[in-house]
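Visitor: What follows is a single structure, and I will ask about it in a moment.
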Amino acid sequence: MVVKQTCLKYIIELKHSLWALQSLKNLKKYHEIFVERIEYLRKAGPKAHVDVVKK
C-alpha cells in the first residue's frame, strides 16, 4: 500500500511539473503555489510536518 501511495505521489508531481512547463504563465503559477506550500510548512514546524504534508 505504501508503495502505491508513493508512486501515486510521484505521478501527480510529474503531472504538475509537466503542466508548469507548458507555458510561462503556468510556471509562474506553479512557483507561487510552491512558495505558499513552503511557507505553510515552515509555519507549522517540524512536529506538524506529517499532518501538513497530508493536507
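The values are calculated or read from the model by the stated rules, or taken from the named source; none is laboratory data. What you see is a predicted model, and the numbers here were worked out from it, not measured in a lab. All Cβ positions, glycine included, derive from the backbone under ideal geometry; neighbour counts span all protein chains shown.
Visitor: If I filter region 39-55 down to residues being loosely packed, with under 10 Cβ neighbours inside 10 Å and among the charged types (D, E, K, R), which single residue comes out as modelled with the highest pLDDT?
Guide: By that ranking, first place goes to LYS43.
Visitor: Now a separate question. Give me the pairs: first residue in region 30-55 and of a type in the set (Ser, Thr, Tyr), second residue surrounded by 10 or more Cβ atoms within 10 Å (Cβ to Cβ) and at pLDDT 80 or above, beta-carbon distance under 6 Å, and six or more apart or on different chains, which are they?
Guide: TYR30/ALA20
Visitor: Those residues that are exposed (fewer than 10 other Cβ atoms within 10 Å of the Cβ), basic (Lys, Arg) and at pLDDT below 90, I need them from region 1-38; list them, please.
Guide: LYS4
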